[in-house]
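The values are calculated or read from the model by the stated rules, or taken from the named source; none is laboratory data. Keep in mind it's a predicted model, so treat the numbers as computed, not measured. Counting neighbours? That spans all protein chains shown, and the Cβs are built from the backbone with ideal geometry, glycine included. Only protein heavy atoms, including side chains, enter the accessible area calculation; ligands, DNA and RNA are left aside. Shrake-Rupley method; radii C 1.70, N 1.55, O 1.52, S 1.80 Å.
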Amino acid sequence: MPADEAYRRFLIERREELLGRIGDAARRAGRDPNDITLLAVSKTVGFEELRQAWECGYVAFGENRPQELKRKVDAASQDASLAGVRFDMIGNLQKNKINQVLGVATLIHSVSSEPLAAAISRRAERRGLVARCLLEVNVSGEQTKSGFEPANVLERAEEIAGLPGIAVEGLMTMAPARDADAARRSFGGLRELRDVLERRMGTRLPVLSCGMSGDFDIAVEEGSTVVRLGRIVFDPAYDDK
Ligand SMILES: *Cc1c(COP(=O)(O)O)cnc(C)c1O
């Protein structure tokens, strides 16, 4: 069997398994599995693997580097069979890279500070765009993680949501690795923060982007609407047991 065919079979079977697990977690929480988007994080694979994943049913991809995002979006636009593919920006975004992702990423998950939000808004306005964004929150408080502190996002979200060039659609977080209890607290905390913000602002913030390869079942139980899955989608050697 050619390697390509083996990889395709892996992608198909793994996708079935992941959709099954997302569905099970949703039902445990009394949620509709259709409310959860599986974002395939393609940052570690090339365009060819991404194209195979698309052929196996994945429709939305996440990249964490502006240049690589642009490269894959350009490659996809040259390939008529990928019409309708979605790419999101999920990684740390520097101000001088904003123009590389505007109009390219469908959703920017990683708006991690007020100055960054203001800079995105200014550049988007200049180009006649409204950038769809999530505010990244450091719910767990780990030093190594970027994002708004919860108290800070409560204070600033209304002002940020009022910026003309961005549309705030929800919140994003990353949980501490390999600690299921801490992950559950982070995801639950993100949801509660969203609920408080919705009440205060009187607007809906429907998107909660949380859950990665090692903790997405918990994230879905806690209300995630976008799970960002990398290794478990693309790496046959990944083992989360
Ligand atoms: C790499 C990455 C992911 C995916 O991580 P996996 O553990 O491979 O599923 C999700 N979110 C962000 C922001 C990432 O950088």
Between a residue in region 53-68 that is under 20 Å from Cys210 (Cα atoms) and any residue that is aromatic (Phe, Trp, Tyr), which pairs come within a Cβ distance under 7 Å, given they are 6 or more apart or on different chains? Phe61/Phe87; Glu63/Phe87
Listed by first then second residue, the pairs whose first member lies in region 158-175 and is among the acidic types (Asp, Glu), whose partner is open to solvent by 10 Å² or more (accessible area, probe 1.4 Å) and within 16 Å of the ligand (Cβ to nearest atom), with beta carbons under 8 Å and at least 6 positions apart or on separate chains, are Glu169/Val207
When (1) open to solvent by 80 Å² or more (accessible area, probe 1.4 Å); (2) within 16 Å of the ligand (Cβ to nearest atom) are applied to Tyr58, the one that fails is (1)
Among residues of region 224-241, those that are within 15 Å of Phe187 (Cα to Cα) and open to solvent by 20 Å² or more (accessible area, probe 1.4 Å), counted: 1
Out of Glu192, Glu169, Glu198, I need the residue that is in contact with a Pro (Cβ under 8 Å, 6 or more places away or on another chain), of a type in the set (Asp, Glu) and at pLDDT 95 or above. Which one? Glu169
So Asp79 fits all but one of (1) over 30 Å from Glu155 (Cα atoms); (2) touching a Ser or Thr at 6+ places or on another chain (Cβ under 8 Å); what number is the exception? (2)
Looking only at residues that are closer than 20 Å to Pro206 by Cα and open to solvent by less than 30 Å² (accessible area, probe 1.4 Å) in region 91-127, which one is farthest from the ligand (Cβ to nearest atom)? Ala117
Might you check whether a residue that is touching a Ser or Thr at 6+ places or on another chain (Cβ under 7 Å), open to solvent by 10 Å² or more (accessible area, probe 1.4 Å) and part of a strand (DSSP E or B) occurs anywhere in region 32-39? yes
For the subset of region 174-223 comprising residues that are under 17 Å from Thr37 (Cα atoms) and open to solvent by 40 Å² or more (accessible area, probe 1.4 Å), which member is nearest to the ligand (Cβ to nearest atom)? Met212
Sole residue being in contact with a helix residue (DSSP H, G or I) (Cβ under 6 Å, 6 or more places away or on another chain) and either part of a loop (DSSP other than H, G, I, E, B) or basic (Lys, Arg) (or both), chosen from Leu205, Leu193: Leu205
